[in-house]
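See structure below.
The values are calculated or read from the model by the stated rules, or taken from the named source; none is laboratory data. Computed from a predicted structure; not experimentally measured. Neighbour counts are summed over all protein chains in view; Cβ atoms, including those assigned to glycine, are modelled from backbone coordinates with ideal geometry. For the accessible areas, the whole protein counts, side chains as well, though only heavy atoms, and no ligand, DNA or RNA atoms are used. Shrake-Rupley method; radii C 1.70, N 1.55, O 1.52, S 1.80 Å.
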Amino acid sequence: MSLKAVLFDFNGVIIKDEPIHLHLIDEILIQENLQPQRVNERQAALGRSDRACFQQLLANRGRVVSEDYLSLLLNRKAEAYVLELEKMEKLPLYPGVEDLIYQVRSRSVSADSHPLKLGLVSGAFRQEIELVLNRAKLAEYFKIIVAGDDITTSKPEPEGYLLAVERFNQAYPDLNLQPQECLAIEDTPAGIEAAKSARMQVVGVANTYPFHMLQRCCNWTVDYLTDLDLDWVQQVYSQKDSQLALSEC
């Protein structure tokens, strides 16, 4: 088994914007004459899509809404998010993002000459993801993006990660990518569970939750993206491949 693709989460891994999202959700709830998020609700929102968050928050407050009304709220939040980022002279990207992208792009799959592929799996709207990637000059590196617009579920469900594998194989038919040949980079328990359920190995980066919480459920855990040793990760994948080959002899 070789490592063939690295899949990034977006909020909390590439950009430090989760406080912005939580603030905007509260603003919309207040505008709708509803109580803002409680502490436990804010915690539960981390790593989940806006749609899933609003559905749960509205249900908690006894508000029954139509799909059209929910879409209206989501669009209002997306527009407010864009306005918030436009106010910023510099985007709050996490240190090490560009370096890790360079590391991935400079490496090949050990078994052949294919370069490692880069993808992104997030519950955020595509509009938000593309805005950040374009402004940060990172868009060209992420050929495969699965956004919240593309799926009907939210992390911790694995749908987004499985769709990413499907799209990689459509774009690169000779890659023959399997989920267990992917490495996911996540910052929340919901995202980690989604990747694990898709049968991927996971790096947990302690941007949002403490190191010790992520360490319990990840294959690798780092305080910062700059701490990730991609050479070591590739060696572990190669060792698993060798062990599998020996077991078949």
Query raised in the report: Which value, in debye to the nearest 20, gives the size of the charge dipole of the chain about its Cα centre, when Lys and Arg are +1 and Asp and Glu are -1 at the Cβ?
Result: 220 debye
Requested in this report: Quote to one decimal, in nm, the extra length available between TRP232 and HIS212 on full extension: 0.36 nm per residue of separation minus the C-alpha distance between them.
Outcome: 5.1 nm
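Using a 1.4 Å probe on the protein heavy atoms, what percent of the accessible area of the chain belongs to carbon and sulfur? Don't jump to the answer; show the numbers that get you there.
Values: 5920 of 11950 Å².
For the chain, the apolar C and S fraction of the accessible surface comes to 50 percent.
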Query raised in the report: Using the heavy atoms of the protein chains alone and a 1.4 angstrom probe, what is the accessible area of segment 18-87 per residue in square angstrom?
Result: 53 Å²
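Segment 60-141: which GluC sites (Glu not before Pro) are DSSP loop and have at most 14 other beta-carbon atoms within 10 angstrom?
Numbers: sites: GLU67, GLU79, GLU84, GLU86, GLU89, GLU98, GLU128, GLU130, GLU140; in loops: GLU89.
Here the GluC sites (Glu not before Pro) that fit, given the DSSP loop and packing criteria, are GLU89.
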Report summary line: Filtering trypsin sites (Lys or Arg not before Pro) in segment 67-151 by DSSP loop and by at most 12 other Cβ atoms within 10 Å leaves LYS90, LYS137
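Please compute the length gained on full extension between LEU72 and ASN33, using 0.36 nm multiplied by the number of residues separating them and subtracting their Cα-Cα distance.
The LEU72-ASN33 span can extend by a further 12.5 nm.
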Query raised in the report: Cβ under 15 Å from TYR81's Cβ, TYR81 left aside: what net charge do those residues give with Lys, Arg +1 and Asp, Glu -1?
Result: -4
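Any of LYS4/LYS90; LYS87/LYS117; LYS77/LYS117; LYS143/LYS196; LYS4/LYS77 with alpha carbons more than 26 Å apart? Name them for me. It would help to have the intermediate numbers written out before the result.
Numbers: LYS4/LYS90 32 Å; LYS87/LYS117 33 Å; LYS77/LYS117 32 Å; LYS143/LYS196 23 Å; LYS4/LYS77 35 Å.
Flagged as over cut-off: LYS4/LYS90; LYS87/LYS117; LYS77/LYS117; LYS4/LYS77.
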Query - Exposure rank, largest accessible area first [TRP232, TRP220; 1.4 Å] - result: TRP232, TRP220
Report task. Could you work out how far helix 230-247 tilts from the main Cα principal axis of the chain, as a 0 to 90 degree angle to the nearest 10? Result -> 60 degrees
